[in-house]
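Notes follow once the structure below has been shown.
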Amino acid sequence: FSKRVGFSNSPGSVRAHVNGGGDDTNNSKNNDKKKKKKVVVVGSGWAGLGAAHHLCKQGFDVTVLDGGDGIGSPDNVGIQGFWYPYKNIFSLVDELAIKPFTSWTRSAQYSGEGLEVEFPVYQELPQLPTPLGTLYHTQFVRLPLVDRLTSLPLMAAGKELFKRFGCSERLYQDIFGPLLQVGLFAPAEQCSAAATLGLLYYLTLAHQKHFDVAFCRGTTKQKIFEPWVESLKAKGCEMLEDKKVTDFNFDEETGCVTEVVCGNETYSVDAVVVAVGITTLQETIKKSAALCKREEFLKVLNLAGIDVVTVKLWLDRKVAIPNPSNACAGFDDLFGCTIFDLNVIHDEHKDDTETVLEADFYHANELLPLNDELVTEKVISYLSKYINDLESACVVAKEIGRFPKRLTHFFPGSYKYMMRGSTSFPNLFMAGDWIITRHGSWLQEKSYVTGLEAANRVVDYLEEGSFAKVIPVEEDEPHIEALRSLNRRLNEIIS
């Protein structure tokens, strides 16, 4: 089934589109409109709009319900960059004929001890076999070579734990730990081994150029979501804001969802895609008479979200920020942050005489309840460890964003509570960065890919339209696949 609907290398099969024909008379057009099957997409982020995007192209009557934050808002909280392996998102941007991104950008990583790593633009450097290119070209400031070399066994480790495969304590504490604290948004010891190694492999270890990152030249909403939404509206997609889903009505005989309920309003459906975050889904499950009776949805109540606080500051003078993007951890054992130089990244701030920076704090439980003044005071204190002369500058304006339980927490054991793309309702499908998928991507790319996969499930269920082609993750280099095969064989022998 997965190959047939294009979840991996297969581009998918193609069916005839039953709504594509018709003569030019008004009656025929009206009949065609009536024949369109209705799909409601709950959620308007990468996953929701990804599903809506493909379903609109297949001629379905698509309605997107936004829960109240606004279509595509707020901007990718806690996730700003677009990495080299985001092939599906880059393909979408090309299709929309927009140019939202900066060039590939250098970045740096800090621990509590100071600067640890400066990352070049890897594709501009000689390509070496994995992981030699990453080890050789990365500029490690303090980490000895012998500690770097202990990352080599991770290439064949699969889902096993770091220390079992000889990763040095210093490599883990100074490099991988801080990297994970801003990649999975929580201290590394609070993240599952599968998520930890999956993210590291996808972004840093699989191929030399995978850590190359670009940024939006403004907010993601401005540069991508707004033109994307206009494109969807032009295709007939209906966008409804401030519609919180409270329940689903379904046919007892078929088990299929017949209506999506938003308070006193209902929307008739032939299929539904639910593409919301864990916290929003949990709230819906608790309100829904239909969902709270299904074990797969009740298990979701065991999942957790991570608090995020975003801080945008305008300073009264130019302050030198080392790189456009800086990942930092080590303030304490709880949270990490990323610092962005918006004078470099955003077009609107390039000619500003003052410094404009943004710092996004993850696992920010202790910052969340503080007022704006206290948040600013603490943030200046934290960032002064990494940005010289920051304390001598004056804050002339600030924007503080608080997002409780906004990001997915991939804690140890969380996998067994996560949902797959299909559900026990034959016509209700799921999408999002926390959905189980075999694609192998992470972050925004994973959200968008699961949206396309949900659209493919709708196409398959309604037996109309053609499948979206999902671009697969780049295959392992031959020597890495050989190592994996050897590792599997050794484990079989040991067993």
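The values are calculated or read from the model by the stated rules, or taken from the named source; none is laboratory data. Remember, it's a predicted structure, so these values are computed and weren't measured experimentally. Ideal geometry is used to build each Cβ from the backbone, glycine not excepted, and the neighbour counts take in all protein chains shown. Accessible surface is based on the protein model in full, side chains and every heavy atom, while ligands, DNA and RNA are left aside. Shrake-Rupley method; radii C 1.70, N 1.55, O 1.52, S 1.80 Å.
Restricting the first residue to the stretch 335-346 and requiring it to be open to solvent by less than 10 Å² (accessible area, probe 1.4 Å) and in a strand (DSSP E or B), which pairs with a second residue that is modelled with pLDDT under 95 and among the β-branched types (Val, Ile, Thr) meet a Cβ separation below 8 Å and a spacing of at least six or different chains?
Gly336/Val182; Cys337/Val182; Ile339/Ile321; Ile339/Ile387
For the stretch 285-306, check the following and say yes or no: at least one residue is open to solvent by 40 Å² or more (accessible area, probe 1.4 Å), assigned to a loop (DSSP other than H, G, I, E, B) and among the charged types (D, E, K, R).
At the first step, the residues of the stretch 285-306 found to be open to solvent by 40 Å² or more (accessible area, probe 1.4 Å) are 286-287, 289, 292-296, 298-299, 301-302.
Filter again for assigned to a loop (DSSP other than H, G, I, E, B), leaving 289, 294, 301-302.
Subsequent filtering for residues that are among the charged types (D, E, K, R) retains 294.
Yes, because at least one residue in the stretch 285-306 is open to solvent by 40 Å² or more (accessible area, probe 1.4 Å), assigned to a loop (DSSP other than H, G, I, E, B) and among the charged types (D, E, K, R).
Looking at (1) open to solvent by less than 50 Å² (accessible area, probe 1.4 Å); (2) in the same structural domain as Gly50 (by the TED database), which is the one condition that is false for Ser424?
Single failed check for Ser424: (1).
Those residues that are over 17 Å from the mean Cα position of the chain (by Cα), open to solvent by 10 Å² or more (accessible area, probe 1.4 Å) and either modelled with pLDDT of 95 or more or among the β-branched types (Val, Ile, Thr) (or both), I need them from the stretch 61-71; list them, please.
Asp61, Thr63
Which residue out of Lys405, Lys446, Lys469 is in a helix (DSSP H, G or I), within 24 Å of the chain's Cα centre (by Cα) and of a type in the set (D, E, K, R)? Reasoning before the result, please.
Values: Lys405 fails: in a helix (DSSP H, G or I); Lys469 fails: in a helix (DSSP H, G or I).
So the residue among Lys405, Lys446, Lys469 that is in a helix (DSSP H, G or I), within 24 Å of the chain's Cα centre (by Cα) and of a type in the set (D, E, K, R) is Lys446.
Which residue, of Gln222, Gln208, Gln173, is at pLDDT 80 or above and open to solvent by 20 Å² or more (accessible area, probe 1.4 Å)? Let's see the steps before the verdict.
Working: Gln208 fails: open to solvent by 20 Å² or more (accessible area, probe 1.4 Å); Gln173 fails: at pLDDT 80 or above.
Unique residue meeting the criteria: Gln222.
Can you name the residue in the stretch 412-421 that is touching a residue at least 60 places away in the same chain (Cβ under 8 Å) and crowded, with 19+ Cβ neighbours inside 10 Å and is also nearest to Val272 (Cα to Cα) among such residues?
Ranking the qualifying residues of the stretch 412-421, first place goes to Met419.
Within the stretch 267-284, how many residues are within 24 Å of Gly413 (Cβ to Cβ), among the β-branched types (Val, Ile, Thr) and in a loop (DSSP other than H, G, I, E, B)? Break it down into steps so the answer makes sense when it comes.
Here is the first cut: in the stretch 267-284, the ones within 24 Å of Gly413 (Cβ to Cβ) are 274, 276-284.
Still in the list and also among the β-branched types (Val, Ile, Thr): 274, 276, 278-280, 284.
Now narrow it down to the ones that are in a loop (DSSP other than H, G, I, E, B): 276.
Residues flagged as within 24 Å of Gly413 (Cβ to Cβ), among the β-branched types (Val, Ile, Thr) and in a loop (DSSP other than H, G, I, E, B) within the stretch 267-284 amount to 1.
Only residues that are open to solvent by 40 Å² or more (accessible area, probe 1.4 Å) and part of a strand (DSSP E or B): list them for the stretch 102-139, please. Spell out how you get there, then give the answer.
First pass over the stretch 102-139, keeping only residues open to solvent by 40 Å² or more (accessible area, probe 1.4 Å): 103-104, 106, 112-113, 115, 118, 123-129, 132, 136, 139.
Listed by number, the residues that qualify are Leu115, Glu118, Gln139.
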